[in-house]
Amino acid sequence: MVSYLDVERPAPGTAVRVAPGIHWVRLDLPFKLDHVHVWLLDDGDTWTVVDAGIGNDATWAAWQQLTQTTLGDKPIGRIVLTHFHPDHVGAAPWLAEAHGASIWMTRPEWLTGRLLSVDLDAGMTDHVVAFYRAAGCGAAYLDYVHRTSDAYARMVAPLPRSYRQLRDRDGLHIGGRTWHVIVGGGHSPAHACLYAPDDGILISGDQILPRISPNVGVNASEPDADPLADFLASLNRLEGLPEGLLVLPSHDAPFHGLHGRCEELRAHHDARLNDCLTACRDGATAMEVAQVLFDRPLDDHQTGFAVAETLAHLNHLLAAGRLTRETDGDGVWRYTAV
Ligand SMILES: [Zn+2]
């Protein structure tokens, strides 16, 4: 069971101290998931910030307000980005330029973010549409994909052409603390968590969240990938950390109860795998299975996540030999339980 840290949630543009030298900031997002967290780490003469928020006017206004309040005259020297998703990196290029700060990421996250923000030719759109067609999505959704396949580039200013690389098990010295980099997979290619063993604190990004299950999805760039295997392996690794840690996640609120949450997430994915097998008893497309797993009305934005997440479970079952996949005459994948 998760137990939330007993502090009030910060209003947008303000910071709440959660440990010595560590401040929690909540920034608005224009989605159903309506907020993301960033962390301000006091680093002596400068600040290190972890994640930056999405790239829009509201985020920029919040950073300017933070400069008046918590940041004060001390510049941001370093921006650590947990992963390339737009709600985490979108505002980072502006912030880096305004403060002369360096950007620190794992190499796969930098490469992916940089590539998506510059890959805008028509062939990319056709490729993504073909992927969702093979997943069994209908014409209305494919039209939405056609109109929005450049969404990443619209939400994220291109990442800088150079950056500082974070590697698994690196130690980052920030404000008298040593943070160990723990690289995880499944939600994004090489997501960085930061762990301060002496203080018992884990900045978990989206790798582990207290309430929602981090999206584990298959994308058009790697249609045969098994990201669920990566995610489950990362849960095993996080479970090897001490139980009493204070976990600082990118959504919801800081919490204790890491091991129980890892167990809940593993049980959630096991149940999803079983639901997929049941849905594929007589053969089904990924879209048909998604409608069973996500048994509620989904808008177009959510449909993309639902199909990607369903494909992650189907690919995991394919890899285990528990499903077969055939391509029908229309080029659509059909999955059947073995
Ligand atoms: Zn994410």
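For this structure, a couple of remarks:
- Between Val38, Val16, the distinction of being surrounded by 20 or more Cβ atoms within 10 Å (Cβ to Cβ) and either at pLDDT 95 or above or out of contact with any helix residue (DSSP H, G or I) (no Cβ under 8 Å at 6 or more places or on another chain) (or both) belongs to Val38 only.
- All strands (runs of 3 or more DSSP E) inside the range 17-57 with 2 or more residues being among the hydrophobic types (A, V, I, L, M, F, W, C) and in contact with a Ser or Thr (Cβ under 8 Å, 6 or more places away or on another chain): 22-28, 35-43
- Residue list for the range 41-66, filter: in contact with a Leu (Cβ under 7 Å, 6 or more places away or on another chain), closer than 24 Å to Ile212 by Cα and not β-branched (Val, Ile, Thr): Asp51, Ala52, Gly53
- Asp45 vs. criteria over 20 Å from Gly205 (Cβ atoms), in contact with a strand residue (DSSP E or B) (Cβ under 8 Å, 6 or more places away or on another chain) and either more than 16 Å from the ligand (Cβ to nearest atom) or among the hydroxyl-bearing types (Ser, Thr, Tyr) (or both): yes
- Each residue in the range 82-110 was checked for being away from the ligand (no atom under 13 Å from the Cβ) and in a loop (DSSP other than H, G, I, E, B), and 4 pass.
The values are calculated or read from the model by the stated rules, or taken from the named source; none is laboratory data. Since the model is a prediction, treat every value here as computed from it, not as a measurement. So basically every Cβ, Gly included, is an ideal-geometry build from the backbone, and we count neighbours across all protein chains shown.
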